[in-house]
Amino acid sequence: MATRQSSKGTKERGSKDLAQPEQTLNNARICKQISNQNVGFDNPAAILKVEGRQGQFVVCPRAGHNRRWEDLEKLTIPLTKLIEHYTVDLRSQNKSDKTVQWYIANLRRFGGWLKRHRRPGMLSDVDINTVRLYILYLQDEHPKYQGHPYTPSRPDRLSDYSVQGHVRTLRAFSSWLQREGYLEENVLSRLRVPKATNEEIVPLTPDEIAHILSYLTSDTAIGCRKCAIVYLMLDAGLRVSEVVNLTMEKVDLDQGQLLVTGKGNKQRPVPIGSNAQKYLQRYIYHFRPEPLFPEQDNVFLTSDGKPLTNNGLKLFFTRLKVKTGIKRLHAHLLRSLTTCTGVCHS
């Protein structure tokens, strides 16, 4: 009796052993089939759940598979990932934060346009015909300051110089994609930068400058900071970035001179007039708040001790434009040195 049971048990185990090779072969076929599929650029060894007759089981489609760069489906790589890689490359070249932010903002705007037009937003969308349609959109339909965190959007179209900046950004990005091996050729090499119409910039008149100064007061902390900034920009022709990045160690009030860091991290000595010197001294000695952190050495701070930002300064001029009624007023317009002679030095 015991012998029969043992024989029966052996027979049952034998039939199960015979079934296992067939099941293993089926699983191997499934694994091979899945391993040849594209499961994504970010996770080439993704674990997939596969439905089987006996339920779900987990397989790793590329376990032990040494993939090669030329085998990757690069055209399906999301642009968001490529922009991240491009950002790292730009920073490794020691480009300024402002330059990197400008490149990335332009590329993300292109990605947003693709999304609104229900395009997949992948590397395959970087082609010359698609980009030309995007340029037409920038020239004809794109509202000015759309997506800007501080400046409200308005129906005015982008300037020709802004459109040129977007085109140069996309061309540089395409060139990088080729160098890094994502594209076999620079697909935007034939893309031309559109011409810009030469618009005459009308500088501020002495009367307009006097009108602007009449809206400023140095009796409060914020008012004194505004006075110091406006007189500095009129006297020294400083850019917005040069104002917000000015540090205490670069200010010599005794000599009436600044050491300004401009484009390309180049430094230059800049003399300032008596009024600029007076209001800057008053702000630093009496109104400048304590920095929020000890390492913050910026001259111009917000009320809570944080460094003044580019957008914060531009917002000030936007409000000043409304108050004064000078519609063409903006920060860069104050860089004209010839118009302020005799006004800001007196």
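The values are calculated or read from the model by the stated rules, or taken from the named source; none is laboratory data. Note that this is a predicted model, so its numbers are computed, not measured. With ideal geometry, Cβ positions are generated from the backbone for all residues, glycine too; neighbour counts draw on all protein chains shown.
Evaluation of V322 against the conditions (1) surrounded by 14 or more Cβ atoms within 10 Å (Cβ to Cβ); (2) part of a helix (DSSP H, G or I) shows that the sole unmet condition is (1). Just a yes or no: is a residue in region 183-190 under 25 Å from E141 (Cα atoms) and touching a Phe, Trp or Tyr at 6+ places or on another chain (Cβ under 9 Å)? Scanning region 183-190, I find at least one residue that is under 25 Å from E141 (Cα atoms) and touching a Phe, Trp or Tyr at 6+ places or on another chain (Cβ under 9 Å), so the answer is yes. The requirement of being touching a strand residue (DSSP E or B) at 6+ places or on another chain (Cβ under 9 Å), in a helix (DSSP H, G or I) and not hydroxyl-bearing (S, T, Y) is fulfilled somewhere in region 283-300, by at least one residue. When region 251-272 is filtered for residues that are modelled with pLDDT of 90 or more and touching a helix residue (DSSP H, G or I) at 6+ places or on another chain (Cβ under 8 Å), the ones remaining, listed by number, are V251, L253, G256, L258, L259, V260, V270, P271, I272.
Taking helices (runs of 4 or more DSSP H) as the structural unit, those lying wholly within region 200-251 and holding at least 3 residues that are out of contact with any Leu (no Cβ under 8 Å at 6 or more places or on another chain) and in contact (Cβ under 8 Å) with a residue 60 or more places away in the chain correspond to 206-213, 221-236. Restricting to region 167-187, name every residue that is of a type in the set (G, A, S) and part of a loop (DSSP other than H, G, I, E, B). Listed by number, the list holds a single entry, G181. There is at least one residue in region 104-111 that is farther than 19 Å from Y182 by Cα, modelled with pLDDT of 90 or more and in contact with a helix residue (DSSP H, G or I) (Cβ under 6 Å, 6 or more places away or on another chain). Evaluated against (1) touching a residue at least 12 places away in the same chain (Cβ under 8 Å); (2) over 20 Å from L234 (Cβ atoms), V270 falls short on exactly one condition, (2).
Could you list, in sequence order, the residues of region 65-83 that are assigned to a helix (DSSP H, G or I) and of a type in the set (D, E)? Show your work before the answer.
Just the residues of region 65-83 that are assigned to a helix (DSSP H, G or I), to begin with: 69-71, 74-76, 79-83.
If the condition is that a residue be assigned to a helix (DSSP H, G or I) and of a type in the set (D, E), then E70, D71 are the ones that fit.
If the requirement is being under 30 Å from Q93 (Cβ atoms) and acidic (D, E), which of these qualifies: E199, E242, E208?
Just one listed residue meets the conditions, E242.
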